[in-house]
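Colleague: One structure follows; several queries about it will come next.
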2 protein chains.
Amino acid sequence: MRFDIITLFPEMVQSCFAEGVVGRALQRGDIALKCVNPRDFTSDVHRTVDDTLYGGGSGMLMKAEPLASAVSAVERASRSRVIYLSPQGQPLNQAKVRELAELEQLILVCGRYEGVDQRFIDHYVDEEISIGDYVISGGELAASVVIDSVARCIPGVIGQVQSVTEDSFFEGLLDAPHYTRPAEFEAEAVPAVLSGGHHEHIEQWREEQSLRRTWHKRPDLLEKTVLSTRQRTMLRKIMREDWQQRGMPGANVSIALIHYPVYNKRHEVITTSVTNMDLHDISRTVRTFELTNYFVVTPVKSQHELMGRITRHWTEGYGSTYNPDRKEAFDRMQFVHSLEDVREHFRKRGQRLVITATSANPKWTNTTYPHLSRMMDQDRETQHLILFGTGWGLTDEIMEAADYVLPPIDGNGEYNHLSVRSAAAITLDRVFRRYP
Amino acid sequence: MRFDIITLFPEMVQSCFAEGVVGRALQRGDIALKCVNPRDFTSDVHRTVDDTLYGGGSGMLMKAEPLASAVSAVERASRSRVIYLSPQGQPLNQAKVRELAELEQLILVCGRYEGVDQRFIDHYVDEEISIGDYVISGGELAASVVIDSVARCIPGVIGQVQSVTEDSFFEGLLDAPHYTRPAEFEAEAVPAVLSGGHHEHIEQWREEQSLRRTWHKRPDLLEKTVLSTRQRTMLRKIMREDWQQRGMPGANVSIALIHYPVYNKRHEVITTSVTNMDLHDISRTVRTFELTNYFVVTPVKSQHELMGRITRHWTEGYGSTYNPDRKEAFDRMQFVHSLEDVREHFRKRGQRLVITATSANPKWTNTTYPHLSRMMDQDRETQHLILFGTGWGLTDEIMEAADYVLPPIDGNGEYNHLSVRSAAAITLDRVFRRYP
């Protein structure tokens, strides 16, 4: 594998590989590294490589011509790729690293200042890669990261190939903790299982630790991993233990389904009817995500009587023995006359309440699903209420009084008429989904 | 700000900052960088810093004691933090960079080999940080990335502070393309708007380009960003243009709701009844995500007649004028007698069909939501069918014949009885959600 680096600071890249495992591979000739300086391809007396931005803006941009000439000067292998390191690129990950390791040559272009002229990218670059969502001063460190990670995958560079494959990210989970001598350090002994010599127990312990760490530190990775049934069972156990200590994720969250005040399609304020299916489906969703309360809000007395009859059927009557799942789900449901009643519910318990509304209109949006999720998670004392409207949606007064409003659940086309049951299911999944 | 680096390769880190904007800040004394080598804190004649793993495994681990002594030897400022660079850490991002820039001192510990003894981390490290989901040979490059990104945020390090704030990730979107002289390069002119001098038009163009790039390259960033109504409208326009060229995301996807063969709660194979609400809610969800067909599968003739009456009411009768949204939704629905009929539908069109089943039992899981989503996206010719079961779920025969099976939608507790309407809504959101 050959690495050709287009850089204004060749020594910066070269010195990164003076030592270490990749440095030794370079010295042995298992890989080759060569730098080309775009400054050597300028024609003016000042050897200018940068210039100001068209359209204004602070900072300078690298000019296209010296970069283009530098890339053109590199002798090309047959399986070769020109990569520009940039925060606009595709995030580098271990799958991409393995893909790049299959090539014969990587030409890595390092930007500086505010970046490079877009036309250089359009005409000379095969792929843009980002090493992460942060800003650094130039592409040199990013190129070095690519060289290091790719070089490690090339046979011969690392002594034991197994050492690479056992590293993190090869199975989609974080690595287990490791220990070496002394047996005791800071009064802490090495876990007994590791010195027991029982191979199978050690493997099991490491797998469980991997899952535990991934769940605690990078639950997002679990979404992309196919777990075995055994791993899934282990993980559910870890999650439960965790929640016994910290409380369940939905334990400070309730929802309310509002039948008044809402709009009809002529934008008049109306009261909608309670429907049997809204009670059933949303109860089951609320129970699935383990929220605390499901408030059904309507001022109409006869509707309260109807709701009472329905729930008694499922919680006390024939339905409770026929289908006990519904009884469990209905446990969380309460009928109240107004949103003010809901506020009062929390007020009399001395609890602070944060209200988040949902809307099909993006003009109200002032938060994101991950942000709301994080808020609920970090402060377990504050109670949260998520509002869902019936009819043609919650009134402007309710929207204005809400602390937060989530973005609409837009599909891919223009059709925007999910049932409130489906909208509630999707909203709660987006906020409470815990992987996998 | 002071950076103290615990490393076996001090020159590797130091030479990264011999030049460039951070290098100049070092020379001016705006920041300070000092390396400490754990090898200087060994007591044996070989100056050993590594040892084998307890419990077996290839590779070597860095010993706790020399690292602990090296960290202890560093003179501490009052607002100081010890950071271990590791793939097990929290991912570095620009928010974390800004947080770190508020401190007076960062002590950055660089691992080598297979990592470090866990007890060193437990007793001496405040925080673990990862620069990305890939494996590199040691923490030195990662520490250099942290130093560079953090140093840039310290007043005085970069000439114009605006230059930093205009960089990517400060608004949650990717940066717009930039251009510098010459006006023409490779026969491509700079976009006219940028040389027009109309400030407002330039801003608007850059905003639109930012959205376009983020949508094409990093749609995941949009989930974490609150867009203005104007940005959202712009984005929907970009998405529509894109789909006009490449086809809508759901255009090669259909779903089927299976009423036979499914299990009852005693694990007997039965036929369930079609319910009005399943037709309505799931049609609306299918229409929202713009899937192609919604097959309702039941062998019972009288049910076909019932379904015909319901749909005629909404598509031709009173319901079609009362609520035209339902008519639109029902357009995608078809009644068929068996899963074989569905296969035949695609076979006679000469289309390859991939079947993905859903199940509440994790034992069948063999794919992930992002993986299925990617498959559907990348090959637009192959048709996909997602199966949803009624009753107590799809039979083992159906599960075995499916090409893929998605993980169950587990809530946070033990309750696992979502309605099929809610499960379908959540599943399709997970697969088809396009941000925001």
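The values are calculated or read from the model by the stated rules, or taken from the named source; none is laboratory data. The structure displayed is predicted, hence computed values, not measured ones. Here Cβ is always computed from backbone atoms with ideal geometry, including for glycine, and neighbour counts include all displayed protein chains. These accessible areas exclude ligands, DNA and RNA; they are computed on the full protein's heavy atoms, side chains included. Shrake-Rupley method; radii C 1.70, N 1.55, O 1.52, S 1.80 Å.
Colleague: Share of antiparallel DSSP beta bridges in chain B, in percent to the nearest 5?
Modeller: 15 percent
Colleague: Given 0.36 nm per residue, what is the gain on full extension from residue A:292 to residue A:216 after removing their alpha carbon distance, in nm?
Modeller: Answer, rounded to one decimal: 25.0 nm.
Colleague: Also, quick follow-up: Using helices alone, I'd like the mean residue ellipticity at 222 nm for chain B: each DSSP H run of four-plus residues gives -39500 (n - 2.57), total over residue count, nearest 500.
Modeller: Helix contribution divided over all residues of chain B: -12000 deg cm²/dmol.
Colleague: Would you mind getting me the FRET efficiency between residue B:273 and residue A:193? Use the beta-carbon distance for r and R0 = 51 Å, nearest 0.05.
Modeller: Rounded to the nearest 0.05, the efficiency is 0.45.
Colleague: Right, next: Counting only protein heavy atoms and using a 1.4 Å probe, what share of the accessible area of segment A:195-246 belongs to carbon plus sulfur, as a whole percent?
Modeller: Its accessible area is 48 percent carbon and sulfur atoms.
Colleague: Taking a probe of 1.4 Å, how large is the accessible area per residue of chain B, in Å²?
Modeller: On a per-residue basis, 41 Å².
Colleague: Which of B:265/B:363; A:217/B:363; B:96/B:224; A:34/B:217 have a Cα-Cα distance over 20 Å? Please report the intermediate quantities before stating the final value.
Modeller: Working: B:265/B:363 18 Å; A:217/B:363 26 Å; B:96/B:224 15 Å; A:34/B:217 30 Å.
In this structure, A:217/B:363; A:34/B:217 exceed 20 Å between Cα atoms.
Colleague: Measuring from a point 7 Å past the Cα of residue B:323 along Cα-to-C-beta, which residues in segment A:267-296 have an amide N at less than 15 Å?
Modeller: Counting only backbone N, you get A:272-279.
Colleague: Using every alpha carbon pair in segment B:95-156, what percent of pairs falls into each 10 Å bin from 0 up to the bin containing the largest distance?
Modeller: Reading the bins upward from 0: 19, 50, 28, 3.
Colleague: How high is the relative contact order of segment B:2-163, in percent, with contacts defined as C-alpha pairs under 8 Å that are six or more residues apart? Walk me through the numbers before you get to the answer.
Modeller: Values: 275 pairs, mean separation 46.6, N = 162.
Across segment B:2-163, relative contact order equals 29 percent.
Colleague: Quote the convex hull volume per residue of the protein assembly as shown, based on C-alpha atoms, as a whole number of Å³.
Modeller: On the way: hull volume 175.5 nm³, N = 872.
So the per-residue hull volume is 201 Å³.
Colleague: Tell me which residues come under 5 Å, amide H to amide H, from residue A:132 once H is placed; ignore anything under 5 positions away on its chain.
Modeller: Those lying under 5 Å, H to H, from residue A:132 are A:92.
Colleague: Can you give the relative contact order of chain A as a percent, counting alpha carbon pairs under 8 Å and 6+ residues apart?
Modeller: Working: 676 pairs, mean separation 52.3, N = 436.
Relative contact order here is 12 percent.
Colleague: Now for a separate question. Hey, can you list the residues from segment A:193-241 whose accessible area shrinks by 40 Å² or more with all protein chains present, relative to the chain by itself (probe 1.4 Å, no ligands or nucleic acids)?
Modeller: Listed in order, they are A:206, A:213, A:217, A:218, A:223, A:226, A:229, A:232, A:236.
Colleague: Compute the distance in nm between two label points, each set 7 Å from the Cα along the Cα-to-Cβ direction, one at residue B:378 and one at residue B:344.
Modeller: Simple spin-label model gives 3.4 nm for this pair.
Colleague: Which value results for Rg/Rh of segment B:225-284 when Rg is the Cα radius of gyration and Rh the Kirkwood radius based on the inverse mean 1/r?
Modeller: 1.26
Colleague: Counting Lys and Arg as +1 and Asp and Glu as -1, what is the net charge of the other residues whose Cβ lies under 11 Å from the Cβ of residue A:111?
Modeller: Local charge sum for residue A:111: -4.
Colleague: Label segment B:253-431 by shape, choosing from rounded, prolate and oblate, from the square roots a ≥ b ≥ c of the eigenvalues of the Cα gyration tensor; if a/c is under 1.5 it is rounded, and otherwise prolate applies when a/b is larger than b/c, oblate when it is not. It would help to have the intermediate numbers written out before the result.
Modeller: Details: a/c = 1.44, a/b = 1.26, b/c = 1.14.
Rounded.
Colleague: Something else: Summing Lys, Arg as +1 and Asp, Glu as -1, what charge do residues with Cβ under 12 Å from the Cβ of residue B:51 carry, residue B:51 excluded?
Modeller: Local charge sum for residue B:51: -3.
Colleague: Shifting gears a bit: In whole angstrom, note down how far apart the Cα centers of segment B:1-30 and segment B:383-436 are.
Modeller: Answer, in whole Å: 53.
Colleague: Calculate one ³J(HN,Hα) per residue across segment A:285-294 by plugging θ = phi - 60° into the Karplus curve 6.51 cos²θ - 1.76 cosθ + 1.60, and present them in order as whole Hz with x for glycine and proline.
Modeller: 5, 4, 5, 4, 8, 6, 6, 7, 10, 10
Colleague: To continue, here is another question. Charges only on Cβ, +1 for Lys and Arg, -1 for Asp and Glu: so what's the dipole of chain B about the Cα centre, in debye to the nearest 20? Provide the component values of the computation, followed by the final result.
Modeller: Numbers: 50 positive and 59 negative charges, 285 e Å.
For this selection, approximately 1380 debye.
Colleague: Do any trypsin sites (Lys or Arg not before Pro) in segment A:370-424 lie in a DSSP loop with no more than 15 other beta carbon atoms within 10 Å, and if so, which?
Modeller: A:380
Colleague: Please give the direction-averaged projected area of the C-alpha convex hull for chain A, in square nanometres with one decimal. Don't skip to the answer; put the middle values down first.
Modeller: Numbers: hull surface 126.4 nm².
Convex hull of Cα atoms, orientation-averaged projection: 31.6 nm².
Colleague: I need the phi-derived Karplus couplings for segment B:81-97: 6.51 cos²θ - 1.76 cosθ + 1.60, θ = phi - 60°, integer Hz, Gly and Pro marked x.
Modeller: Result, ordered by residue: 9, 9, 10, 9, 7, 7, x, 7, x, 6, x, 5, 9, 5, 5, 5, 4 Hz.
Colleague: Also, quick follow-up: How far is residue B:363 from itself in the other copies, in nm, if each label sits 7 Å out from Cα along the Cα-Cβ line, shortest first?
Modeller: Distances between equivalent label points, in nm: 5.5.
Colleague: Under 8 Å for C-alpha pairs, at least 6 residues apart: give me the relative contact order for segment A:253-431, rounded to a whole percent.
Modeller: Averaging sequence separation for qualifying contacts and normalising by length gives 30 percent for segment A:253-431.
Colleague: Same structure again: First measure r as the distance between the Cβ atoms of residue B:331 and residue B:414, then evaluate 1/(1 + (r/R0)^6) with R0 = 51 Å and state the FRET efficiency to the nearest 0.05.
Modeller: Plugging the Cβ-Cβ distance into 1/(1 + (r/R0)^6) gives 0.85.
Colleague: Hey, if we sort B:345, A:371, B:198 by accessible area with the 1.4 Å probe, largest down, what's the order? Kindly include the intermediate steps, with their values, before the conclusion.
Modeller: Values: B:345 25, A:371 65, B:198 85 Å².
Output order, biggest surface exposure first: B:198, A:371, B:345.
Colleague: Could you tally the net charge around residue B:17, taking each other residue with its Cβ under 13 Å from the Cβ of residue B:17, Lys/Arg +1 and Asp/Glu -1?
Modeller: With Lys, Arg at +1 and Asp, Glu at -1, the net is -3.
Colleague: When only the heavy atoms of the protein chains count and the probe is 1.4 Å, how do B:174, A:103 rank by accessible area, highest first?
Modeller: Heavy-atom accessible area, descending, gives A:103, B:174.
Colleague: Tell me which of B:95, B:74, B:110 sits at the most positive position along the dipole axis of segment B:65-110, charges placed on C-beta atoms (Lys, Arg +1; Asp, Glu -1).
Modeller: B:95
Colleague: Determine which chain A residue has its Cβ at minimum distance from the rotation axis mapping A onto B, giving the value in whole Å.
Modeller: Here the nearest residue and distance are A:15, 2.
Colleague: Rolling a 1.4 angstrom probe over the protein chains, ignoring ligands and nucleic acids, what is the accessible area of residue A:43 in square angstrom, nearest 10?
Modeller: Accessible surface of residue A:43 is approximately 120 Å².
Colleague: So if each residue of separation counts as 0.36 nm, and I subtract the Cα-Cα distance between residue A:30 and residue A:154, what length gain in nm does that give?
Modeller: Residue separation times 0.36 nm, minus the Cα-Cα distance, leaves 43.8 nm.
Colleague: Return the sequence-ordered ³J(HN,Hα) values of segment B:211-217 in whole Hz as given by the Karplus equation 6.51 cos²θ - 1.76 cosθ + 1.60 applied to θ = phi - 60°, using x for Gly and Pro.
Modeller: 4, 4, 5, 4, 4, 6, 9
Colleague: Also: How large is the dipole of the protein assembly as shown about the Cα centre if only Lys and Arg carry +1 and Asp and Glu carry -1, each at its Cβ, rounded to the nearest 20 debye? Present the calculation step by step, with values, prior to reporting the outcome.
Modeller: Details: 100 positive and 118 negative charges, 496 e Å.
That gives a dipole near 2380 debye.
Colleague: Which percent, to the nearest 5, of DSSP beta bridges fully inside the protein assembly as shown are antiparallel?
Modeller: Within the protein assembly as shown, antiparallel bridges account for around 15 percent of the total.
Colleague: For residue A:316 and residue A:246, what is the calculated FRET efficiency with R₀ set at 41 Å and r taken between the beta-carbons, to the nearest 0.05?
Modeller: 0.75
Colleague: Turning to a different aspect of this structure: In segment A:195-246, how does Rg compare with the Kirkwood Rh, expressed as the Rg/Rh ratio over alpha carbon atoms?
Modeller: Rg/Rh for segment A:195-246 comes to 1.01.
Colleague: Using DSSP to define loop residues, name the trypsin sites (Lys or Arg not before Pro) in segment A:191-222 whose beta-carbon has at most 14 other beta-carbon atoms within 10 Å. Walk me through the numbers before you get to the answer.
Modeller: Values: sites: A:206, A:212, A:213, A:217; in loops: none.
Within segment A:191-222, no trypsin sites (Lys or Arg not before Pro) qualify (loop, at most 14 other Cβ atoms within 10 Å).
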